[in-house]
Amino acid sequence: MTTELGLRERKKQRTRQLIADTARRLFAERGFEAVPVSEIASEAEVSEATVFNYFPTKEDLFYHRLEAFEEELLRSIRDREPGESVLAAFGRFLTTPRGLLAERDPEQVEHLAAITRVITESPALLAREQQVYAKYTDALAKLLTTETGASSSDLTPWVVARTLIGLHQALVDYSRREILAGTRNPTLARRVRRQIQQALELISNGLADYGTRARP
């Protein structure tokens with residue numbers, strides 16, 4: 001029985017991955033809005049109902065890996081070493097190469113660049129992304145509240161969470177602009193890392209003197 005269950009689960013995982021890979025390939029070729037779910041189902045040789053069984057919305061087909069990304073983000077904070085601050089742990093998370101920043105294969109790099117264009121050209125995906133960032137912020141704030149023992153009226157965990165997720169969002173936007181402008185590794189990775197270091201330094205030092213207007 002256990003073996004049978006294991007085989008069934010692996011088959012479901014393969015089907016889910018096939019559907020997701022097919023969708024991303026078609027989206028990269030023609031854009032998110034131009035590809036109907038029925039075509040994805042046909043290409044993956046499954047029914048449209050099967051697609052929605054695995055992915056409740058069309059946007060989920062594109063962003064299906066984000067749950068794992070969220071867990072990795074939270075784990076970097078939750079499992080930080082004794083004596084390590086939240087900011088340091090988050091900075092370590094940000095500087096870990098992943099996605100296009102870690103890719104070296106030219107063909108895969110261009111595929112990921114195409115995916116970047118799909119996102120920036122799709123109002124639906126950009127709107128869903130804002131929901132994802134809000135979910136990240138909520139999850140991080142709750143983790144920080146629990147860890148620090150903050151009261152429900154204490155805004156500090158929420159301010160910290162919004163600051164860190166805002167930094168992540170700004171870096172994603174910066175990376176996309178660079179990618180669409182034709183920047184590739186190692187220059188891309190180097191520029192992004194520099195932006196991360198500057199942003200972390202600003203947050204670490206505080207905003208008390210930021211943008212102080214010069215006296216006449």
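The values are calculated or read from the model by the stated rules, or taken from the named source; none is laboratory data. Quick caveat, the model's predicted, so the values are computed rather than measured. Here the Cβ is made from the backbone with ideal geometry for all residues, glycine too, and neighbour counts use every protein chain on show. Side chains included, ligands, DNA and RNA excluded: accessible areas come from the protein's heavy atoms. Shrake-Rupley method; radii C 1.70, N 1.55, O 1.52, S 1.80 Å.
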Tally, over segment 50-102, of residues that are of a type in the set (Asp, Glu) and open to solvent by 50 Å² or more (accessible area, probe 1.4 Å): 5
Do we find that residue 69 is modelled with pLDDT under 95, in contact with a Phe, Trp or Tyr (Cβ under 9 Å, 6 or more places away or on another chain) and within 27 Å of residue 203 (Cα to Cα) in this structure? yes
Taking the options 188, 167, name whichever one is open to solvent by less than 40 Å² (accessible area, probe 1.4 Å) and at pLDDT 95 or above. 167
Scan (1) modelled with pLDDT of 95 or more; (2) over 17 Å from residue 78 (Cα atoms) for the single condition residue 137 breaks and write down its number. (2)
Matching residues in segment 126-152 (of a type outside the set (A, V, I, L, M), in contact (Cβ under 8 Å) with a residue 60 or more places away in the chain and touching a helix residue (DSSP H, G or I) at 6+ places or on another chain (Cβ under 6 Å)) number 2
Pick out the one residue from 18, 101, 61 that is in contact with a Phe, Trp or Tyr (Cβ under 6 Å, 6 or more places away or on another chain) and over 28 Å from residue 158 (Cα atoms). 61
Need the failing condition index for residue 195 against (1) without any contact (Cβ under 8 Å) to a residue 12 or more places away in the chain; (2) open to solvent by 30 Å² or more (accessible area, probe 1.4 Å), just the number. (1)
Tell me, which helices (runs of 4 or more DSSP H) lie completely within segment 46-110 with 2 or more residues that are free of Cβ contacts under 8 Å to residues at least 60 places away in the same chain and over 17 Å from residue 25 (Cβ atoms)? 48-54, 66-78, 86-95
Condition first: assigned to a helix (DSSP H, G or I), under 12 Å from residue 62 (Cβ atoms) and of a type in the set (Gly, Ala, Ser). Now tell me which residues in segment 10-45 satisfy that. 20, 23, 28
Any idea which of (1) more than 26 Å from the chain's Cα centre (by Cα); (2) open to solvent by 40 Å² or more (accessible area, probe 1.4 Å) is the one residue 12 doesn't satisfy? (1)
Of all residues being aliphatic (A, V, I, L, M) and open to solvent by less than 40 Å² (accessible area, probe 1.4 Å) in segment 170-184, which is nearest to the chain's Cα centre (by Cα)? Just the residue, please. 172
